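Structure first, then comments.
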Amino acid sequence: MKIEKYTFYKQNKNDTIFWVDTPDTIGAFLFTFDKQKTYNLFADYPQNLTPEEKAVFDKENPDWANFFKSI
């Protein structure tokens, strides 16, 4: 995926995580910490995140963290 063609946005202005706007892809939930490496929420969380990245993700996205706890 060519990341430069997408727009980044934050859910809240103080968040660390950027979400990737993917208007041409249905159902993709992509996010990044540095606008370089992207993660796919359903494919990469939590196993491909560092412990520090997971902690930040869980803090900023408690609803998603709770969703994955029940799986």
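Near the amide H of F29, within less than 5 Å, lie the amide hydrogens of L41, F42, all on another chain or at least 5 residues away, with H placed in the peptide plane.
Overall size of the chain from C-alpha positions, given as principal axis extents largest first: 32, 26, 19 Å. Between D21, D34, D58, the Gaussian network model of the chain with springs among Cα atoms under 10 angstrom shows the greatest mean-square fluctuation at D34.
Bear in mind that the values in this text are calculations on the coordinates, not laboratory data. As the structure is a computational prediction, the values presented were derived from the model and not from experiment.
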